[in-house]
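Remarks on the structure that follows.
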Amino acid sequence: MELKDFSRIEGAVDIRLLQDTHIVGIGAGGAYCLYDSLARSGVGKLTVFDFDQVEEVNIVRQGYKTNQIGRKKVDALGEHLQLVNSGVQYQGITKNFLNMDQNELDEIFGKADLFLFLTDSFEAQSFGNILALRYQKPAIWAGFYEKSQCAEIVFSIPKVVPACFRCAVSPRYVAQQASDDEIQVSSACNTIFHSQLLDAYLGMLTMAILHNKTEGFEFSNWFGDYWDRSLIQLKVHPDYGNEAGSLFHRTFSPSEGRAFTFNAVWQRIEVEIPPKYELCPDCKGASEYLEGNLKKSF
């Protein structure tokens, strides 16, 4: 059944805008509930990449069902989304986007409105930055740290957010270059509650990015014409970041324990240019902005 009654959310979002929106997502695991919510909210087209199958271990922390074990995740997800909102145009792709040729990438990413990179693969996340810069499209990267005590979200909006994903997490690139193995974060301790919590934040951030230049809605103009706090860290365990001098301790210690957990810190991210940094190899120091708004950041 196609969803048609959006009356309860009309003041929050522009339904016509969402119905004309195409979102591409990398990863169909922990983001299952996010795609479900995007379909319920009226997003018109979803393209999701994942080459994994549903396994028994996925049932306890993702939205899949036991009768879907052994099926491709993107197929099981697509079946569910059609039950939620048959009006959504859905495409599930099992091919690794890292292996696509230029024409294939142009056809999918070049025609989309927003990218979601929701995988624990460093290679996939870093290639996502290249694609976001190449096609000049807004993008979100997200995942949990070890033991899922804190989540991280990085986002970019062309001509609004100055720094790219690589600028935001450049120490991770250095660590990867020094390692023989690909950096990946274990999903151990990541429950369904963790997945749904992060998916909710990602959904609201998605709505805010899509509506940033649209007036008259609750998600309108969150970031304006310039926004440099593009790395968000979400504390979801009381013990995370309590060491003296740590980010969360510095930020929330004046609350004297009232800000116990479920806190967010939006960090200001600079474009990496000399002499303070080595020039970012991906965005080249966002050179197209240096003559404009960014001068005030240096």
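The values are calculated or read from the model by the stated rules, or taken from the named source; none is laboratory data. Bear in mind the structure is a predicted one, so any value in this text is a computation, not a measurement. Please note: Cβ atoms are built from the backbone with ideal geometry, for glycine as well, and neighbour counts cover all protein chains shown.
Could you check how many residues of the range 131-190 are free of Cβ contacts under 8 Å to residues at least 12 places away in the same chain and assigned to a loop (DSSP other than H, G, I, E, B)?
The number of residues fulfilling the criteria is 4.
Please tell me if L118 is within 17 Å of F165 (Cα to Cα), touching a Gly at 6+ places or on another chain (Cβ under 9 Å) and modelled with pLDDT of 95 or more.
yes
Take the residues in the range 184-212 that are among the hydrophobic types (A, V, I, L, M, F, W, C) and in contact with a strand residue (DSSP E or B) (Cβ under 7 Å, 6 or more places away or on another chain); name whichever of them is farthest from H237 (Cα to Cα).
L210
Please pick out the residue among S220, S253 that is free of Cβ contacts under 8 Å to residues at least 12 places away in the same chain, surrounded by fewer than 18 Cβ atoms within 10 Å (Cβ to Cβ) and not in a loop (DSSP other than H, G, I, E, B).
Of S220, S253, the one residue that is free of Cβ contacts under 8 Å to residues at least 12 places away in the same chain, surrounded by fewer than 18 Cβ atoms within 10 Å (Cβ to Cβ) and not in a loop (DSSP other than H, G, I, E, B) is S253.
Kindly check whether there is at least one residue in the range 66-77 that is within 20 Å of the chain's Cα centre (by Cα) and part of a loop (DSSP other than H, G, I, E, B).
No, there is no match, as no residue in the range 66-77 is within 20 Å of the chain's Cα centre (by Cα) and part of a loop (DSSP other than H, G, I, E, B).
Kindly evaluate P171 against the criterion of being in contact with a helix residue (DSSP H, G or I) (Cβ under 9 Å, 6 or more places away or on another chain) and either modelled with pLDDT under 95 or farther than 23 Å from Q196 by Cα (or both).
no
Which members of the range 5-40 meet the condition of being surrounded by 21 or more Cβ atoms within 10 Å (Cβ to Cβ), within 14 Å of the chain's Cα centre (by Cα) and either in a helix (DSSP H, G or I) or free of Cβ contacts under 8 Å to residues at least 24 places away in the same chain (or both)?
Y32, L34, Y35, L38
Looking at the range 259-272, is at least one residue of a type in the set (K, R), in a helix (DSSP H, G or I) and exposed (fewer than 14 other Cβ atoms within 10 Å of the Cβ)?
Looking for residues that are of a type in the set (K, R), in a helix (DSSP H, G or I) and exposed (fewer than 14 other Cβ atoms within 10 Å of the Cβ), one finds none in the range 259-272, hence no.
Quick test for you: out of G29, G42, pick the one residue that is out of contact with any Leu (no Cβ under 7 Å at 6 or more places or on another chain) and either modelled with pLDDT of 95 or more or closer than 18 Å to N96 by Cβ (or both).
That would be G29, the only listed residue that is out of contact with any Leu (no Cβ under 7 Å at 6 or more places or on another chain) and either modelled with pLDDT of 95 or more or closer than 18 Å to N96 by Cβ (or both).
Based on what the data block shows, is D52 under 27 Å from P138 (Cα atoms), acidic (D, E) and in contact with a His (Cβ under 8 Å, 6 or more places away or on another chain)?
no
Looking for something free of Cβ contacts under 8 Å to residues at least 12 places away in the same chain, of a type outside the set (V, I, T) and surrounded by 13 or more Cβ atoms within 10 Å (Cβ to Cβ) - is there at least one such residue anywhere in the range 102-115?
Within the range 102-115, the first condition is being free of Cβ contacts under 8 Å to residues at least 12 places away in the same chain, and the residues that meet it are 102-104, 106-107.
From what's left, of a type outside the set (V, I, T): 102-104, 106-107.
Subset that is surrounded by 13 or more Cβ atoms within 10 Å (Cβ to Cβ): 104, 106.
Yes, the range 102-115 contains a residue that is free of Cβ contacts under 8 Å to residues at least 12 places away in the same chain, of a type outside the set (V, I, T) and surrounded by 13 or more Cβ atoms within 10 Å (Cβ to Cβ).
Picking from I183, I153, which residue would you name as being surrounded by 13 or more Cβ atoms within 10 Å (Cβ to Cβ) and either modelled with pLDDT of 95 or more or within 15 Å of F49 (Cα to Cα) (or both)?
I153
Got a sec? Which of G92, G128 is assigned to a strand (DSSP E or B) and crowded, with 16+ Cβ neighbours inside 10 Å?
After ruling out the rest, the residue left standing is G92.
Exactly one condition in (1) exposed (fewer than 12 other Cβ atoms within 10 Å of the Cβ); (2) at pLDDT 95 or above; (3) in a helix (DSSP H, G or I) is false for K296; which is it?
So K296 meets the others, but not (2).
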